[in-house]
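The values are calculated or read from the model by the stated rules, or taken from the named source; none is laboratory data. What you are looking at is a predicted structure, and each value in this text was computed from that prediction instead of being measured. Here the Cβ is made from the backbone with ideal geometry for all residues, glycine too, and neighbour counts use every protein chain on show. Just the protein is used for accessible areas: all its heavy atoms, side chains included, with ligands, DNA and RNA removed. Shrake-Rupley method; radii C 1.70, N 1.55, O 1.52, S 1.80 Å.
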Amino acid sequence: MKHFLPAFFLLLTVSVARAQDAYNVLKYGAKNDSTKLSTAAIAKAIDAASKAGGGTVYFPAGRYRTGPIRLKSNITIEIGAGAILYFSDNFDDYLPMVPSRYEGIDVTSFSPLFYAYKAENITIKGRGIIDGQGKKWWDYAEGQSRKSQDSKWQQEFKRLNANILKPDEQGGVIDRAFLRPPFIQPMFCKNVLIEGITIRNSPFWTVNPEFCENVTVTGVTINNPKSPNTDGINPESCRYVHISNCHISVGDDCITIKSGKDAAGRKMNVPAENYTITNCTMLSGHGGVVIGSEMSGGVKKITISNCIFDGTDRGIRIKTARGRGGVVEDIRVDNLVMKNIREQMIVLDMQYAKSTPEPVSERTPRFRNIHFSNITAEGNQAGLLNGLSEMPIENVTFSNCNFDAKQGFTVREARNIAFHNVQVNTTIGPSVRAESVQLLRLDGIGSATPLAGTPQLELTNVEDAFVYNAFPAAGTETYLKLKGAKTRSIVLQNNNFKYVKAPVSQDEAVTERVVGP
């Protein structure tokens with residue numbers, strides 16, 4: 001006991017010293033009883049910490065009302081357990097407008113709720129809650145701003161953004177000139193950490209680092225109700241991003257990787273690269289993890305692993321359109337479980353916006369070197385790969401996957417596509433339907449639920465396909481159906497068609513003989 005007491009008092013002394021080192025916002029005039037706006041008091045605490053070289057600005061338990069909070073270098077915002085920060089829904093509190101980015105377009109607009117510009121070593125952490133009170137923002141953006149562009153906020157936006165590079169499509173939200181602020185948006189920052197907090201009711205995108213380096217988002221819970229464009233985590237044009245152990249349920253995409261839109265994105269030309277996403281759960285949302293559609297600066301070297309999607313509209317979605325430009329490449333997706341997916345479980349869509357073919361140029365996007373493995377999924381459609389006639393999707397593989405779906409895979413305008421040991425159990429249509437594809441490998445593809453009158457594989461205008469290691473289940477009537485005058489060089493090898501009535505069928509347009517049994 002005599003040795004224990006000195007150690008105890010030493011620990012207590014250190015703890016008290018650390019508490020004293022923190023800049024408690026109450027000491028700077030903030031109120032934790034919701035009686036007044038604490039924006040100025042919080043800014044004073046941050047300034048005091050900054051003048052001392054950095055420190056922790058601490059919010060003890062209570063309810064705070066505040067306008068935007070601007071972080072400086074070496075500042076940690078710690079929101080204690082029992083503390084709730086309610087951000088003002090008075091639009092005037094987010095003036096003056098600041099440099100920002102909105103859906104991939106560089107603009108000057110309302111201040112984000114948490115904002116930092118060219119800062120280093122910044123942190124937002126704690127067991128408390130931050131609430132964006134987004135409903136007023138959502139209602140105005142979806143209602144009044146669509147009816148009129150005459151508000152003082154829209155007029156100020158137009159004055160400050162007369163010379164911005166607008167996206168290709170006209171009449172969108174940029175033209176309406178009322179851009180809701182992101183919840184957390186550090187711009188051009190290094191060493192950003194967001195940890196442990198609960199975030200809810202974001203006006204717009206929730207965690208949205210822009211042009212940042214070394215970003216970590218971990219242990220964060222994001223809850224936004226059904227609401228417009230309230231994505232969860234959107235790191236855009238960043239390097240070295242680590243997202244882990246997060247729980248996300250939002251009104252749009254759960255996690256989205258972006259790098260700018262159309263000419264504005266190509267002008268900045270800053271890719272999203274070196275991202276890891278792991279150990280996250282995602283519930284309500286349009287997509288679990290999404291790349292694009294704003295990817296004009298490029299997206300590369302991304303890994304997504306050990307995640308669960310339950311109830312999202314789509315699972316993994318990579319999307320773009322003619323006019324975006326940019327390249328999505330070197331993507332690895334592994335060890336996922338998806339349940340109750342309302343649309344596609346896997347989507348690679350280069351025709352997110354409908355358009356007509358055009359010559360290859362800087363406007364032409366590319367998808368290549370994308371690989372999926374060890375996925376168990378259940379929902380409406382297993383997958384859609386939809387390339388461009390002038391720029392097919394290239395080098396995509398699926399390995400060791402099991403899909404229970406109403407519909408199987410549709411693959412169009414693609415090259416060098418492979419399925420290895422993939423089971424696709426459908427209730428309507430083939431397991432894999434390919435059209436206008438070159439270099440297709442189908443290795444051990446099957447279904448445990450063969451359908452009467454339906455082939456398991458259907459190839460239309462496919463060149464150079466290798467079908468091997470198949471062992472279709474009993475009850476399979478036709479394994480492979482060939483269609484189209486351009487279908488040629490189809491090779492079958494090492495297949496066991498013991499239970500199949502007609503292993504291969506082909507329509508009259510197919511003139512070349514299939515090689516192999």
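Laid out as a table, the results:
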| item | result |
| --- | --- |
| Unmet criterion (only one of (1) open to solvent by 10 Å² or more (accessible area, probe 1.4 Å); (2) closer than 27 Å to Ile75 by Cβ) for Cys212 | (1) |
| Residue list for the stretch 152-192, restricted to those being out of contact with any Phe, Trp or Tyr (no Cβ under 7 Å at 6 or more places or on another chain), polar (S, T, N, Q) and either crowded, with 21+ Cβ neighbours inside 10 Å or over 30 Å from Thr123 (Cβ atoms) (or both) | Gln155, Asn161, Asn163, Gln170 |
| Residues within the stretch 394-408 that are in contact (Cβ under 8 Å) with a residue 40 or more places away in the chain and either surrounded by fewer than 23 Cβ atoms within 10 Å (Cβ to Cβ) or under 20 Å from the mean Cα position of the chain (by Cα) (or both), tallied | 1 |
| Of the criteria (1) part of a loop (DSSP other than H, G, I, E, B); (2) in contact with a strand residue (DSSP E or B) (Cβ under 9 Å, 6 or more places away or on another chain); (3) within 28 Å of Lys267 (Cα to Cα), which one Ala81 fails | (3) |
| Residue in the stretch 337-350 that is at pLDDT below 95 and under 21 Å from Ala272 (Cα atoms) present | no |
| Members of the stretch 409-427 that are open to solvent by less than 10 Å² (accessible area, probe 1.4 Å) and not β-branched (Val, Ile, Thr) | Phe409, Ala414, Ala418, Phe419 |
| Candidate set: the stretch 308-337, residues that are aliphatic (A, V, I, L, M) and out of contact with any Lys or Arg (no Cβ under 9 Å at 6 or more places or on another chain); chosen: the one farthest from Ile370 (Cα to Cα) | Val337 |
| Candidate set from the stretch 363-393 (those that are closer than 15 Å to Glu343 by Cβ and not small (Gly, Ala, Ser)); member that is most open to solvent (accessible area, probe 1.4 Å) | Glu378 |
| Residues of the stretch 427-455 classified as out of contact with any strand residue (DSSP E or B) (no Cβ under 6 Å at 6 or more places or on another chain) and within 22 Å of Gly484 (Cα to Cα), total | 2 |
| Pairs, first closer than 16 Å to Thr35 by Cα and open to solvent by 30 Å² or more (accessible area, probe 1.4 Å) in the stretch 45-66, second among the small types (Gly, Ala, Ser) and at pLDDT below 95, C-beta under 6 Å, six or more apart | Arg63/Ser34; Arg65/Ser34 |
| Selection within the stretch 197-209 - open to solvent by less than 10 Å² (accessible area, probe 1.4 Å) and more than 15 Å from the chain's Cα centre (by Cα) | Ile197, Ile199, Ser202, Pro203 |
| Contacts under 6 angstrom Cβ, first residue in the stretch 160-173 being under 13 Å from Ser109 (Cα atoms), partner open to solvent by less than 80 Å² (accessible area, probe 1.4 Å) and assigned to a loop (DSSP other than H, G, I, E, B), 6 or more apart | Leu160/Met97 |
| Given (1) open to solvent by less than 20 Å² (accessible area, probe 1.4 Å); (2) of a type in the set (A, V, I, L, M, F, W, C); (3) closer than 27 Å to Val327 by Cβ, number of the condition Val270 does not satisfy | (1) |
| Filtered residue count, the stretch 428-442, keeping only those that are under 18 Å from Glu390 (Cβ atoms) and among the charged types (D, E, K, R) | 1 |
| Selection count, the stretch 215-267, where residues are β-branched (Val, Ile, Thr) and either modelled with pLDDT under 95 or surrounded by fewer than 20 Cβ atoms within 10 Å (Cβ to Cβ) (or both) | 3 |
| Elements of type strands (runs of 3 or more DSSP E) in the stretch 245-324, at least 3 residues being closer than 24 Å to Ile393 by Cβ | 255-257, 272-278, 287-291, 299-310, 314-319 |
| Members of the stretch 476-498 found to be closer than 21 Å to Leu451 by Cα and either surrounded by 14 or more Cβ atoms within 10 Å (Cβ to Cβ) or hydrophobic (A, V, I, L, M, F, W, C) (or both), listed by number | Thr476, Glu477, Thr478, Tyr479, Leu480, Lys481, Leu482, Lys483, Asn495, Phe497 |
| Residue match in the stretch 108-129 (condition: β-branched (Val, Ile, Thr) and surrounded by fewer than 18 Cβ atoms within 10 Å (Cβ to Cβ)) | yes |
